[in-house]
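These notes are about the structure you will find just below.
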Amino acid sequence: MKLKFVLLLFMVAIFVLGGQACHKEKPTIINCKVVDKLSGLPIEGASVGFAEYVDYKQTLYTWKDTNTEGSVSFSSPFELGIHDVYKIDYVSKEVGYSPDLVQGETNEVLFQLVPKNGFLKLRLENNQGPPDSIYVVIYSPTVDAESPGSIGQILKKWFSFQDTLKIIEVPTVAEEQIEIYWGELAIIYPFDTAPFHDSVFITKNDTVNYTISF
């Protein structure tokens, strides 16, 4: 009787493990569509990062570009997620772990990227000599909303001066007010701790000039 019970447990274990193996072998498929959020038109050449979670120690990353229809597909026998979506002149999407994806099934995913259809021409003038460097942060509410991991930063940089003038063109989201922070020391979040701050409205398909003198 004891031997029969042990054999029964062994058969149940084989059945359960076999079922898990079959489920694991069924691939997860992600069909992505990437479009312009304003026009709805497909975006060709957008880079979509896929993450395969092999185990708790190993994650494999693969980036694939969308075709002329803004589409790209990826499949994996492992647990699958989307890491990020990137296209130059658009606000990137930092997705991270994707809990809404159904593993072992085909998933249709739509991403709407916000275009950077405005420019800020930043003019930095060092009229007083030392300090010969300045730290600048530019914050966009749209970038913060679309890509929370960025904390809204479209620029965070030290600028060192060998001459008295630097001019930088920064592509950014249009039809919104962006915030500019600067100072002699590094600026950390929250940015309102910066010694200097101003706002400027970016118009669509236009270049807005702004000067920082120090």
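The values are calculated or read from the model by the stated rules, or taken from the named source; none is laboratory data. Treat the numbers as computed from the prediction; the structure is a model and nothing was measured. So basically every Cβ, Gly included, is an ideal-geometry build from the backbone, and we count neighbours across all protein chains shown. We work out accessible area using only protein heavy atoms, side chains counted, and drop any ligands, DNA or RNA first. Shrake-Rupley method; radii C 1.70, N 1.55, O 1.52, S 1.80 Å.
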query = Here are some pairs, Lys33/Lys116; Lys93/Lys204; Lys64/Lys157; Lys116/Lys157; which of them have Cα atoms lying more than 26 Å apart in this structure?
reply = Lys64/Lys157
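Could you please state how large a percent of the accessible area of region 143-214 is carbon and sulfur, counting protein chains only and using a 1.4 Å probe? Can you show the working numbers first?
On the way: 2120 of 4220 Å².
Percent of accessible area from carbon and sulfur atoms in region 143-214: 50.
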ask   = Once you charge only the Cβ atoms, +1 for Lys and Arg and -1 for Asp and Glu, what is the size of the charge dipole of the chain about its Cα centre, to the nearest 20 debye?
value = 880 debye
ask   = Relative contact order of the chain: what whole-number percent is it, with Cα pairs under 8 angstrom and at least 6 residues apart?
value = 19 percent
ask   = Which value, in Å² and to the nearest 10, is the accessible area of Tyr86 when all protein chains are kept and the probe is 1.4 Å?
value = 120 Å²
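Less than 12 Å Cβ to Cβ from Tyr61, Lys/Arg counted +1 and Asp/Glu -1: what total charge do the surrounding residues give? All intermediate terms of the calculation are to be shown ahead of the outcome.
Working: positive: Lys64; negative: Glu52, Asp84.
Every neighbour counted, the sum reads -1.
For n ≥ 4 DSSP H runs only, could you compute -39500 (n - 2.57) per run for the chain, divide by its residues and tell me the 222 nm figure to the nearest 500?
For the chain, the value works out to -4500 deg cm²/dmol.
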request  = Give the angle, between 0 and 90 degrees and rounded to the nearest 10, that separates the Cα long axis of helix 2-25 from the longest principal axis of the Cα atoms of the chain.
outcome  = 40 degrees
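For region 56-144, what does the accessible surface come to per residue with a 1.4 Å probe? Please give it in Å².
Details: 4790 Å² over 89 residues.
With the other protein chains kept in place, region 56-144 gives 54 Å² per residue.
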Residue (of Val109, Ser92, Asn126) at the positive-pole extreme of region 53-133, dipole from beta-carbon charges = Asn126
